[in-house]
Amino acid sequence: MKKSFYNMILNFVTRPNAMQLLQEAVGHSVSLPIADSFLVLVDAILELKTAFLGVCAQISSENPIEPITESQW
């Protein structure tokens, strides 16, 4: 599960404008603590889950970002 989660996050943060779109979706500045522990990163993403998945769907028309499954969330 960790590998899938990190792949999803890496795929997201390497997309042009993904973080900007996420910040617009939540209405405030956002930083993803990629260098922190897995649990810290998971907590940060869970707080933004709805907006994060919305941005993933929005930017992934040509090259989809595969989100983790609902059971993995």
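The values are calculated or read from the model by the stated rules, or taken from the named source; none is laboratory data. In this text the structure is predicted, and so the values were computed from the model without any measurement. Quick reminder, even Gly has a Cβ in these numbers, built from the backbone with ideal geometry, and neighbours come from all protein chains shown.
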### Query
Do we have any residue at all in the stretch 10-26 that's out of contact with any Gly (no Cβ under 9 Å at 6 or more places or on another chain), more than 12 Å from I59 (Cβ to Cβ) and part of a loop (DSSP other than H, G, I, E, B)?
no
### Query
Can you name every residue in the stretch 1-48 that is touching a Phe, Trp or Tyr at 6+ places or on another chain (Cβ under 7 Å) and within 15 Å of I65 (Cβ to Cβ)?
A18, L22, I45
### Query
Out of the stretch 13-35, which residues are touching a residue at least 12 places away in the same chain (Cβ under 8 Å) and hydrophobic (A, V, I, L, M, F, W, C)?
V13, A18, M19, L21, L22, A25, V26, V30, L32, I34
### Summary
Result of the Cβ filter at 9 Å on the stretch 61-73, keeping first residues that are charged (D, E, K, R) and surrounded by 10 or more Cβ atoms within 10 Å (Cβ to Cβ) and partners that are assigned to a loop (DSSP other than H, G, I, E, B) and modelled with pLDDT under 70, at least 6 apart or interchain, is E66/S60
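Residue by residue through the stretch 5-39, note down the ones that are β-branched (V, I, T) and surrounded by 13 or more Cβ atoms within 10 Å (Cβ to Cβ).
I9, V26, V30
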### Message
Looking for something out of contact with any His (no Cβ under 9 Å at 6 or more places or on another chain), on the phi < 0 side of the Ramachandran plot, touching a residue at least 60 places away in the same chain (Cβ under 8 Å) and part of a helix (DSSP H, G or I) - is there at least one such residue anywhere in the stretch 36-58?
### Response
no
